[in-house]
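Trainee: Below is one structure. I have some questions about it.
The values are calculated or read from the model by the stated rules, or taken from the named source; none is laboratory data. All of these numbers come straight from a predicted model, not from anything done at the bench. Here the Cβ positions follow ideal geometry from the backbone for every residue, glycine too, while neighbour counts run over all protein chains shown. In case anyone asks, the SASA skips ligands and DNA or RNA and just uses the protein heavy atoms, side chains included. Shrake-Rupley method; radii C 1.70, N 1.55, O 1.52, S 1.80 Å.
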Amino acid sequence: MTNSNHGGIGSRLASRRSVLIGGMAGASAMALLGHAPVAARPRESGATDRHAGRVIKTKDGTEIFYKDWGKGPAVVFSHGWPLNADAWDDQMFFMASNGFRCIAYDRRGHGRSGQPWDGNDYDTFASDLADLIDTLRLEQVTLVGHSAGGGDIARYVGRFGTGRVAKMVLVSAIPPLMLKTSANPGGVPLEVFDGIRSAVATDRAQFYRDLGEGPFYGANRPGSKVSQGAKDAFWLSCMQVGLRASYEGIKAFSETDFTADLKRFDFPTLIVHGEDDQNVPIANSALLSSKMIRKASLKIYPGAPHGLTLTHKDQFNGDLLGFMKDVS
């Protein structure tokens, strides 16, 4: 990860951020930061309203917050580490405006979901996703996962099968395996992830600041046009994840092998990856996954960073819509 020193933002923005952060623990901030529930759809069994969105309870009692926008064929979005469902707002707004039911949820330990001590692993993440799909009674769903969220949806298929899945989209995703091993010599050395763990445990706020100001959106590249507001929003979302979930999530996304999961895919799969992804290098992720998945199509965005759903949102939204409407 790239480290750099940055000056403080203006006092007005800092004051506003303090108000937002301080209020997140209260129910009033949930109403402020979220979105209105879909009144036209009756409440699903097992789901409860929580001001700005809805909540389900998983098998171990953890509350999972989700947003449910629009009507039509269902698309479920899984976010990356260490963000939350808001990372998908651009795609949710676009796809819901084009005739799709869009559902995005906060992974356990992240955002507005519960923060249990245990369960920060991909078998549990997949089980939580299964509980969401079961509670909402979704069928023929398209699963979309960004970065570590690509692991959520891959492991879901590995554990729960393909019966309810119509299509899959992997975006800047971590499968098949990030860690360098004897069987995966092109992976990232363990020392890199140890460094991330140390930075998160020592000063996670500064680490998240450096991540957003640096490689995540390619802001450390010449000619970057990502706004300061986008980088500030990234930091704010990162600060909503619990320390335990963030710390253990590093082991989960770096050391989990999804090879067997990918081999179970038997549906059309779109793989989108940035050529200049500094966080999940394309050579050891998308280029390998696209060869393991039988019905995969690969789109490489020249010069795009890890957070391409924001930096290249118009291109990605168009590709996602085209893939959803393709009946071949």
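Trainee: Summing +1 for each Lys or Arg and -1 for each Asp or Glu, what net charge is found among the other residues whose Cβ lies under 14 Å from the Cβ of Ser172?
Mentor: With Lys, Arg at +1 and Asp, Glu at -1, the net is -3.
Trainee: Please list the non-local residues whose amide H lies under 5 Å from the amide H of Gly274, H modeled 1.01 Å from N, same-chain partners needing a gap of 5 or more.
Mentor: So Gly274 has HN proximity to Ser172, Tyr301.
Trainee: Sum up the charges of everything whose Cβ sits under 15 Å from the Cβ of Ser182, counting Lys and Arg as +1 and Asp and Glu as -1, but leave Ser182 out.
Mentor: Taking every Cβ under 15 Å from that of Ser182, the sum is -1.
Trainee: Along its three principal axes, how long is the stretch 231-328 when you only count alpha carbons? Whole Å, largest extent first please.
Mentor: 43, 33, 23
Trainee: Follow-up question, since we're still on this one. Between Arg159 and Arg244, what is the FRET efficiency for a Förster distance of 25 Å, r being their Cβ-Cβ separation, to the nearest 0.05? If you can, show how the numbers build up before the last one.
Mentor: Values: r = 23 Å, r/R0 = 0.92.
The computed FRET efficiency comes out at 0.60.
Trainee: Specify the inter-centroid distance of the stretch 178-227 and the stretch 65-144, based on alpha-carbon positions, in whole Å.
Mentor: With the stretch 178-227 and the stretch 65-144 each reduced to a Cα centre, they are spaced 24 Å.
Trainee: Where does each of 60-67, 93-100 land if you order them by average Cβ count within 10 Å, highest first?
Mentor: Going from most to least packed, we get 60-67, 93-100.
Trainee: If we count every other residue with Cβ under 9 angstrom of Gln115's Cβ, Lys/Arg +1 and Asp/Glu -1, where does the sum land?
Mentor: Local charge sum for Gln115: +2.
Trainee: Something else now. Just to be sure I understand the model, the point goes 7 Å from the Cα along the line to the Cβ. What's the resulting Ile300 to Ser227 distance in nm?
Mentor: It is 3.2 nm.
Trainee: To the nearest 10 square angstrom, how much accessible area does Val171 have with a 1.4 angstrom probe?
Mentor: 0 Å²
Trainee: In square angstrom, rounded to the nearest 10, how much accessible surface does Thr256 have for a 1.4 Å probe?
Mentor: Around 30 Å² of this residue is reachable by solvent.
Trainee: Given 0.36 nm per residue, what is the gain on full extension from Ala260 to Arg197 after removing their alpha carbon distance, in nm? Working shown, then result.
Mentor: Working: separation 63, 0.36 × 63 = 22.68 nm, distance 2.68 nm.
Difference between extended and current length: 20.0 nm.
Trainee: Treating the stretch 131-192 as a set of equal point scatterers at the Cα positions, no solvent, please give the Debye-formula log₁₀ I(q)/I(0) at q = 0.24, 0.30 Å⁻¹.
Mentor: At q = 0.24, 0.30 Å⁻¹ the computed log10 ratios are -0.99, -1.26.
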